[in-house]
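Below: the structure, in structure tokens.
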Ligand code: SAH
Ligand code: SF4
Ligand code: F3S
């Protein structure tokens with residue numbers, strides 16, 4: 001038997017890329033590849049790239065420069081190192097990569113990962129292989145007969161793709177171009193994945209999609225199911241104690257999703273709901289198709305269904321035309337909502353998007369300054385949110401041994417890491433933890449109850465975060 005070949009994958013970008021990296025590993029396992037954490041002893045290196053902002057996509061070329069050195073070094077030892085570029089830069093600029101970077105053997109777009117073994121074989125026999133196009137009926141291997149797009153269990157928490165692509169066309173965004181039109185996987189396929197993952201010890205499932213609440217998959221009853229209906233079905237699967245979903249669009253929050261938050265204790269009360277800006281003028285220029293008030297109303301609906309719900313968001317500062325007044329409206333919205341955390345980015349023009357043709361009006365200096373002010377506000381809200389946990393008892397799903405010997409780490413409902421001293425037996429359980437202190441973003445505490453005294457751990461307990469503590473900043 002041939003010795004195993006070693007595969008190193010470096011992923012950038014969103015959760016979808018993390019998930020895709022695992023799929024690629026699983027797709028290549030039958031070809032005799034095993035994962036390695038080091039580039040130097042790899043037979044195949046895959047860069048799983050992101051195109052969302054200029055900084056993200058330029059990383060590819062600097063990384064390829066480093067890989068050329070590693071590839072030459074391997075060749076000096078008589079070993080061939082193959083290099084593949086995958087992900088959204090591959091999809092957007094495949095031909096340019098082939099032209100600019102002779103070190104690359106294979107370029108493969110996100111919809112073609114199930115063809116990786118054939119592409120590697122083609123590169124071996126023909127030199128180089130490029131595949132960023134896909135037949136429409138075979139997008140992402142979604143609709144094809146069983147391919148290993150159903151990933152292996154890796155620990156307690158797992159992503160499952162339910163939806164791929166986006167039809168929203170926000171004027172700044174490359175995703176509709178790199179990931180294509182929206183496609184939802186049939187319910188039966190998702191349920192199969194989750195059943196299998198649960199059998200293999202997974203306790204928490206995060207349903208992912210570029211626009212996950214636009215999910216509209218074919219149900220077993222022949223009807224189209226919404227995300228809320230899908231969540232109800234998944235909550236019935238034995239072993240699954242926590243459900244999450246990401247990333248949502250404010251326009252697609254259906255009543256069934258709100259109902260799921262009201263009815264399903266397993267559905268975690270923490271929602272990532274990007275808004276991008278608090279100014280209606282900028283939201284219109286972004287083609288978000290909602291106003292700041294529409295967004296506030298969506299937040300209110302969630303809060304009415306589940307009072308302990310918390311939110312995170314994404315923001316862009318310095319979009320073309322953004323005035324100081326527009327930016328003030330964003331700060332006002334943040335103050336009003338009160339976030340548990342949020343990401344904020346400087347606007348980056350992306351080739352091929354409508355906003356790239358708009359005249360940029362915000363100077364680099366102003367953008368920096370707005371970003372600092374927004375991040376300062378968000379950080380203070382996040383700190384207040386985390387500090388509010390101290391002295392409370394909260395449920396934690398334990399995931400793994402921590403770096404410090406004897407410590408086990410898990411996450412709260414709000415994805416805060418929480419550490420306790422305990423035996424590894426608690427991994428996979430949801431247990432109440434009395435939170436004593438906060439170290440940067442990590443909570444430290446003690447198990448509130450000896451685990452053996454509790455017949456079955458509850459899926460959740462109430463933790464009240466008054467909106468005052470998070471909006472006060
Ligand atoms: N599907 C998600 C977001 C995908 S991209 C959604 O609809 O919200 C993740 C975040 O990157 C976006 O929410 C946005 O804040 C940011 N982003 C996308 N394009 C960008 C650009 N051209 N410049 C700066 N930030 C951008
Ligand atoms: Fe991009 Fe907008 Fe689609 Fe999100 S909804 S992926 S920001 S186009
Ligand atoms: Fe980046 Fe593509 Fe995700 S552009 S954010 S990796 S969908």
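Which numbered condition trips up residue 328, out of (1) out of contact with any helix residue (DSSP H, G or I) (no Cβ under 9 Å at 6 or more places or on another chain); (2) more than 25 Å from residue 363 (Cα to Cα)?
(2)
Can you tell which of 25, 45 is under 24 Å from the mean Cα position of the chain (by Cα) and under 19 Å from residue 63 (Cα atoms)? Reasoning before the result, please.
Details: 25 fails: under 19 Å from residue 63 (Cα atoms).
Answer to the check: 45.
Kindly indicate whether any position in segment 8-25 is free of Cβ contacts under 8 Å to residues at least 12 places away in the same chain, assigned by TED's automatic domain parsing to the domain that holds residue 99 and either surrounded by 16 or more Cβ atoms within 10 Å (Cβ to Cβ) or assigned to a helix (DSSP H, G or I) (or both).
No, the conditions are met nowhere in segment 8-25.
What's the number of the only condition in (1) away from ligand 2 (no atom under 16 Å from the Cβ); (2) assigned to a helix (DSSP H, G or I); (3) assigned by TED's automatic domain parsing to the domain that holds residue 356 that residue 295 fails to meet?
Of (1) away from ligand 2 (no atom under 16 Å from the Cβ); (2) assigned to a helix (DSSP H, G or I); (3) assigned by TED's automatic domain parsing to the domain that holds residue 356, only one is false for residue 295: (1).
For segment 94-127, give me each residue that is free of Cβ contacts under 8 Å to residues at least 40 places away in the same chain, within 16 Å of ligand 3 (Cβ to nearest atom) and in a helix (DSSP H, G or I).
Matches in segment 94-127: 94, 96, 97, 112.
What is the number of the single condition among (1) in contact (Cβ under 8 Å) with a residue 24 or more places away in the chain; (2) away from ligand 1 (no atom under 16 Å from the Cβ) that residue 271 does not meet?
Single failed check for residue 271: (2).
Given (1) touching a residue at least 60 places away in the same chain (Cβ under 8 Å); (2) within 25 Å of residue 166 (Cα to Cα), where does residue 31 come up short, assuming only one miss?
(2)
Check off (1) surrounded by fewer than 20 Cβ atoms within 10 Å (Cβ to Cβ); (2) within 16 Å of ligand 2 (Cβ to nearest atom) for residue 51 and give me the number that stays unchecked.
It fails just one condition, (1).
Of 248, 184, which residue is within 16 Å of ligand 2 (Cβ to nearest atom), under 28 Å from residue 412 (Cα atoms), free of Cβ contacts under 8 Å to residues at least 40 places away in the same chain and touching a strand residue (DSSP E or B) at 6+ places or on another chain (Cβ under 7 Å)?
248
Can you tell me how many residues within segment 387-437 are under 20 Å from residue 239 (Cβ atoms), part of a loop (DSSP other than H, G, I, E, B) and touching a helix residue (DSSP H, G or I) at 6+ places or on another chain (Cβ under 8 Å)?
1
Residues that are in a helix (DSSP H, G or I) and surrounded by 14 or more Cβ atoms within 10 Å (Cβ to Cβ): does segment 306-323 have at least one?
Within segment 306-323, not a single residue is in a helix (DSSP H, G or I) and surrounded by 14 or more Cβ atoms within 10 Å (Cβ to Cβ).
Within segment 200-225, which residues are part of a loop (DSSP other than H, G, I, E, B) and either crowded, with 21+ Cβ neighbours inside 10 Å or within 16 Å of ligand 2 (Cβ to nearest atom) (or both)?
Matches in segment 200-225: 202, 203, 209, 210, 211, 215, 216.
Since residue 343 meets every condition but one in (1) within 10 Å of ligand 1 (Cβ to nearest atom); (2) in a strand (DSSP E or B); (3) surrounded by 22 or more Cβ atoms within 10 Å (Cβ to Cβ), which condition does it not meet?
(3)
Which one of 198, 123, 84 is over 30 Å from residue 252 (Cα atoms) and at pLDDT 95 or above? Walk me through how you get there before you give the answer.
Numbers: 198 fails: over 30 Å from residue 252 (Cα atoms); 123 fails: at pLDDT 95 or above.
The match here is 84.
Within segment 238-263, track down each residue that is buried (at least 18 other Cβ atoms within 10 Å of the Cβ) and assigned to a loop (DSSP other than H, G, I, E, B).
Of everything in segment 238-263, those that are buried (at least 18 other Cβ atoms within 10 Å of the Cβ) and assigned to a loop (DSSP other than H, G, I, E, B) turn out to be 240, 241, 247, 248, 249, 253.
Quickly run through segment 152-199 and pick out the residues that are in a loop (DSSP other than H, G, I, E, B) and under 16 Å from residue 14 (Cβ atoms).
Going residue by residue through segment 152-199, those that are in a loop (DSSP other than H, G, I, E, B) are 152-156, 162, 165-174, 179-182, 185-186.
162, 165, 166, 168, 170, 172, 173, 174, 179, 180, 182, listed by residue number.
Could you please give the count of residues in segment 352-369 that are surrounded by fewer than 15 Cβ atoms within 10 Å (Cβ to Cβ), closer than 18 Å to residue 175 by Cα and without any contact (Cβ under 8 Å) to a residue 24 or more places away in the chain?
Looking only at that region, the number is 1.
The values are calculated or read from the model by the stated rules, or taken from the named source; none is laboratory data. In this text the structure is predicted, and so the values were computed from the model without any measurement. FYI the Cβ positions are ideal-geometry reconstructions off the backbone, even for glycines, and counts take in every protein chain you see.
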